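The values are calculated or read from the model by the stated rules, or taken from the named source; none is laboratory data. Since we're looking at a predicted model, the values are computed, not measured. Reconstructed Cβ throughout: ideal geometry from the backbone, glycine too, with neighbour counts over all protein chains shown.
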Amino acid sequence: MANTRQNVWALGSDWADPILWYARGVKAMKARALNDRISWRFYAAIHGIFPPLWQQYGYLRPTDTIPSTADRNAYWNQCQHGSWYFLPWHRGYLIAFEAVIRDAVVALGGPGDWALPYWNYFKQEGLPPAFASANWPDGTGDNPLFVQQRYGPNNDGNVFVPLSEVNMNALGEPDFEGVASGGSPGFGGVATGFAHGGRIHGAIETQPHDWVHGLVGGGLSPQEPGLMSDPDTAGLDPIFWLHHANIDRLWEVWRQNPATHVDPSKANWINGPASTGGHAFILPMPGGQSLTYTPGEMSNLSALGYTYDDLSAPPSPLVARLERLGVDVTEATAVARRTAMAKTVELLGANTESIRLSGTEARTSIALDPAARSRLSTNLNEAATRSAAPDRVFLNLENVRGISDATAFNVYINVPEGENPANHPDHLAGSVALFGVRKASAADDKHAGDGLTYVLDISSIIDRLHLSGAIDAGQLHVLLVPRNPVATEAQISIGRISVFRQSN
Amino acid sequence: MTLSGICSAGLRMPLADSFNWLLMLAAMMPPLIVAPLRHARERSFAHRRARAMFLFVIGYGAVWMTAGIGLQVMALAAQLASSDTLTCLALSASAAALWQVSPAKQWCLNRCHRRPQLAAFGAAADRAAFDFGLSHGAACVGACWALMLLPLFARQAHVLTMLAVMLFAFAERLENAAPLAWRWRGPGKALRIIAAQARMHLAPRERALRTND
């Protein structure tokens with residue numbers, strides 16, 4: 001029988017049995033020593049560990065016995081980000097973690113079919129109450145689901161994910177694999193080898209994954225990020241696992257809606273990074289065992305014995321776009337269903353200087369190349385009479401560097417002068433949380449110091465500018481609005497902001 | 001070597017040897033610049049792509065041609081110090097081995113992985129592509145200068161040594177950037193790829209979820 005992961009909001013009460021048993025399982029894991037492979041901290045370090053931050057927050061103490069070098073090399077710092085392995089690696093991580101918790105639950109007399117709930121932040125705004133209280137339901141302290149370093153979107157300890165700031169637009173991506181050349185990063189990311197922090201985040205990774213990490217974790221200063229804001233501490237927060245269960249659910253939603261959505265068929269994806277000389281995906285399991293797995297083995301959720309209580313999909317954003325461009329509703333639906341990723345990508349425009357993001361906003365202008373703009377306009381003009389999807393347009397924030405992973409900002413295009421951007425959601429290009437930027441900016445680490453590159457689909461905004469004729473001005477005005485003021489010490493910079501056209 | 005021999009060698013270098021050096025670069029470097037060239041192409045306007053790649057190659061080549069003078073002077077000095085080719089080869093191999101394990105080599109290799117932002121318009125775009133070539137060339141020289149001495153001394157097996165160095169340099173670039181440290185670094189990833197592929201073909205995985213002790 002399949003394990004069914006349920007929405008945490010639909011369990012019936014704040015401390016319904018699945019949550020209560022989760023808390024007891026977490027407590028059991030937290031009681032284990034760091035060098036125990038199935039301890040809480042060992043498991044968090046599998047995602048990533050930055051010893052100075054762990055020491056600062058008391059998660060790494062002088063009295064700890066550090067695991068052997070072999071264990072650290074085999075297990076720690078494995079999380080896959082900025083990579084097409086993002087989804088399958090985290091699916092394996094969830095399954096192994098769930099097995100460890102379930103083992104503890106059963107040992108404590110709990111149900112053998114316990115399954116990890118997921119946090120559906122598209123349904124309800126707040127943090128599940130069991131995670132927000134320092135107390136157990138009987139009022140006693142030491143609730144293991146509570147962590148101090150969870151600061152929320154306003155950095156005041158009130159943790160919630162505003163419904164208006166998360167979306168499932170990534171589900172409209174036709175292909176799992178994206179391109180690294182400025183076009184769509186795909187639903188699941190771009191091809192990489194073993195990538196413990198790749199450069200370009202896939203659509204589902206940028207929104208809602210990164211954004212929820214950033215809003216939940218927040219940060220008091222660049223040196224004091226919330227646990228969820230930084231990949232090297234995120235696994236220490238018990239809400240991490242419910243967040244990732246929701247991301248994992250969205251993978252299955254994408255696969256089923258429509259059935260033409262398929263995972264990559266390339267051998268490098270199916271067989272994983274170990275097949276190309278990279279690190280194997282390996283996780284500790286109860287009973288002193290370990291699980292090695294490949295992305296291909298994570299693809300079929302039901303074959304793994306799992307399902308979710310809700311796999312329904314929102315309406316396709318592409319259908320809405322086609323209608324806006326004058327395509328008949330029936331034809332729009334048909335086009336959306338047969339649309340595969342367009343592969344021809346070209347630079348459409350760029351700003352001229354790198355920008356620093358500090359304080360409450362930053363602005364820049366993007367000049368468009370006349371020839372490329374003309375090709376785009378022609379394509380959009382013909383959208384109503386063609387049976388193929390129109391060109392897509394992507395804003396690239398290239399080489400984003402800094403030392404504060406807790407930085408989160410909204411990106412707007414052509415907000416009318418003097419207007420509050422919050423009143424113009426139709427000008428919102430996307431939301432970016434710099435999950436992983438500290439590591440990606442270090443020149444002499446596993447990255448080359450290039451920072452991260454974010455790719456936002458701005459086709460809808462461009463459509464409107466095209467229909468109104470405003471695109472002919474040849475310039476786009478970009479406004480970056482941080483969720484909270486950005487300190488200068490965060491050293492946030494964006495190397496270039498560019499626009500790419502992706503066509504058939 | 002007599003004084004006239006030294007002078008003759010010194011005069012010969014800028015002419016014949018420079019041409020030989022250029023040929024050697026042309027033969028060895030293409031595999032090393034595929035990825036940065038792709039970056040220069042993809043981040044440029046369609047009508048500037050060829051120009052951006054050309055300027056990158058000019059910058060990159062200029063650094064290597066300049067470095068070639070220094071390397072040939074080093075080779076000449078070594079030959080003056082010892083007329084025994086084997087001794088010179090052993091000396092250069094020792095220098096290459098020492099450089100290979102040094103943090104400085106890793107510093108250079110890390111910079112070979114850099115993909116900077118590039119200006120898109122006008123003279124700034126030209127400058128950016130050229131500068132990218134210069135900086136990539138400098139990192140490349142830093143990573144490979146000691147290895148490049150080997151074919152200069154291996155007169156008897158020049159082409160073979162050149163090929164071996166090219167493969168080695170290409171293979172070591174397959175590794176990701178890494179923290180600076182004294183340690184061996186080389187074509188490990190290439191060997192792991194070969195081993196992994198062989199393993200997959202000889203003993204494919206049988207079950208979806210396998211647990212190991």
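Table for the structure above
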quantity: Subset of segment A:476-490 (residues that are surrounded by 14 or more Cβ atoms within 10 Å (Cβ to Cβ), in contact with a strand residue (DSSP E or B) (Cβ under 7 Å, 6 or more places away or on another chain) and not basic (Lys, Arg)); calculated: A:LEU476, A:HIS477, A:VAL478, A:LEU479, A:LEU480, A:VAL481, A:PRO482, A:VAL486, A:ALA487
quantity: Residue in segment A:477-504 that is farthest from A:TRP211 (Cα to Cα), counting only those that are in a strand (DSSP E or B) and of a type in the set (D, E, K, R); calculated: A:ARG501
quantity: Residues of segment A:403-444 satisfying the condition of being in contact with a Pro (Cβ under 8 Å, 6 or more places away or on another chain) and at positive phi; calculated: A:GLY436
quantity: Residue match in segment A:59-71 (condition: of a type outside the set (Asp, Glu) and under 25 Å from the mean Cα position of the chain (by Cα)); calculated: yes
quantity: Top-ranked residue of segment A:265-288 - restricted to ones that are polar (S, T, N, Q) and more than 10 Å from every other protein chain (Cβ to nearest Cβ), ranked as nearest to A:ASN120 (Cα to Cα); calculated: A:SER265
quantity: Considering residues of segment A:356-378 that are part of a helix (DSSP H, G or I) and of a type in the set (A, V, I, L, M, F, W, C) only, the residue nearest to A:VAL415 (Cα to Cα); calculated: A:LEU376
quantity: Hey, A:ARG438 away from chain B (no Cβ under 14 Å), farther than 22 Å from A:GLN80 by Cβ, within 22 Å of the chain's Cα centre (by Cα) and of a type in the set (Lys, Arg) or not; calculated: no
quantity: Pair list, Cβ < 9 Å and 6+ apart or interchain, from segment B:170-197 residues that are under 17 Å from B:CYS112 (Cα atoms) and touching a residue at least 12 places away in the same chain (Cβ under 8 Å) to residues that are basic (Lys, Arg) and in a helix (DSSP H, G or I); calculated: B:ALA171/B:LYS189; B:GLU172/B:LYS189; B:LEU174/B:LYS189; B:GLU175/B:LYS189; B:ASN176/B:LYS189; B:ALA177/B:ARG111; B:ARG185/B:LYS105
quantity: Flag if B:ALA178 is within 16 Å of the chain's Cα centre (by Cα), closer than 20 Å to A:THR192 by Cβ and within 13 Å of chain A (Cβ to nearest Cβ); calculated: no
quantity: Of the criteria (1) among the aromatic types (Phe, Trp, Tyr); (2) in contact with a helix residue (DSSP H, G or I) (Cβ under 7 Å, 6 or more places away or on another chain); (3) within 13 Å of another protein chain (Cβ to nearest Cβ), which one B:PHE168 fails; calculated: (3)
quantity: Members of segment A:294-320 found to be small (Gly, Ala, Ser), closer than 11 Å to A:GLU252 by Cβ and part of a helix (DSSP H, G or I), listed by number; calculated: A:SER302
quantity: Verdict on B:CYS140 being within 30 Å of A:ALA274 (Cβ to Cβ), touching a residue at least 12 places away in the same chain (Cβ under 8 Å) and within 14 Å of chain A (Cβ to nearest Cβ); calculated: yes
quantity: Single residue of B:TRP64, B:TRP99 found to be buried (at least 21 other Cβ atoms within 10 Å of the Cβ), of a type outside the set (A, V, I, L, M), more than 14 Å from chain A (Cβ to nearest Cβ) and closer than 24 Å to B:PRO31 by Cα; calculated: B:TRP64
quantity: Evaluation of A:ARG401 against (1) closer than 30 Å to B:ALA104 by Cβ; (2) among the basic types (Lys, Arg); (3) more than 14 Å from chain B (Cβ to nearest Cβ); (4) touching a strand residue (DSSP E or B) at 6+ places or on another chain (Cβ under 7 Å) (one fails), failing number; calculated: (3)
quantity: Residue match in segment A:436-448 (condition: under 25 Å from A:THR378 (Cα atoms) and acidic (Asp, Glu)); calculated: no
quantity: Total residues in segment B:78-96, condition modelled with pLDDT under 85 and exposed (fewer than 14 other Cβ atoms within 10 Å of the Cβ); calculated: 6
quantity: Lone unmet requirement of (1) part of a loop (DSSP other than H, G, I, E, B); (2) without any contact (Cβ under 8 Å) to a residue 60 or more places away in the chain; (3) surrounded by fewer than 20 Cβ atoms within 10 Å (Cβ to Cβ) for A:ASP14; calculated: (2)
quantity: Residue among A:VAL393, A:VAL411, A:VAL455 that alone is buried (at least 24 other Cβ atoms within 10 Å of the Cβ), among the β-branched types (Val, Ile, Thr) and within 30 Å of B:ASN176 (Cβ to Cβ); calculated: A:VAL455
quantity: From A:LEU291, A:LEU250, residue being in contact (Cβ under 8 Å) with a residue 60 or more places away in the chain, within 14 Å of another protein chain (Cβ to nearest Cβ), within 30 Å of A:ALA130 (Cβ to Cβ) and not in a loop (DSSP other than H, G, I, E, B); calculated: A:LEU291
quantity: Subset of segment A:38-66 [closer than 24 Å to A:LEU220 by Cβ and assigned to a helix (DSSP H, G or I)]; calculated: A:TRP40, A:ARG41, A:ALA44, A:ALA45, A:HIS47, A:PRO51, A:PRO52, A:LEU53, A:TRP54, A:GLN55, A:GLN56
quantity: Output for segment A:294-329, where each listed residue is within 14 Å of another protein chain (Cβ to nearest Cβ) and surrounded by fewer than 16 Cβ atoms within 10 Å (Cβ to Cβ); calculated: A:ASN300, A:SER302, A:ALA303, A:GLY305
quantity: Lone unmet requirement of (1) in a loop (DSSP other than H, G, I, E, B); (2) more than 14 Å from chain B (Cβ to nearest Cβ); (3) within 30 Å of A:PRO390 (Cα to Cα) for A:PRO144; calculated: (3)
quantity: Test: A:ALA245 is within 23 Å of A:PHE42 (Cβ to Cβ), facing chain B (nearest Cβ under 10 Å) and under 24 Å from the mean Cα position of the chain (by Cα); calculated: no
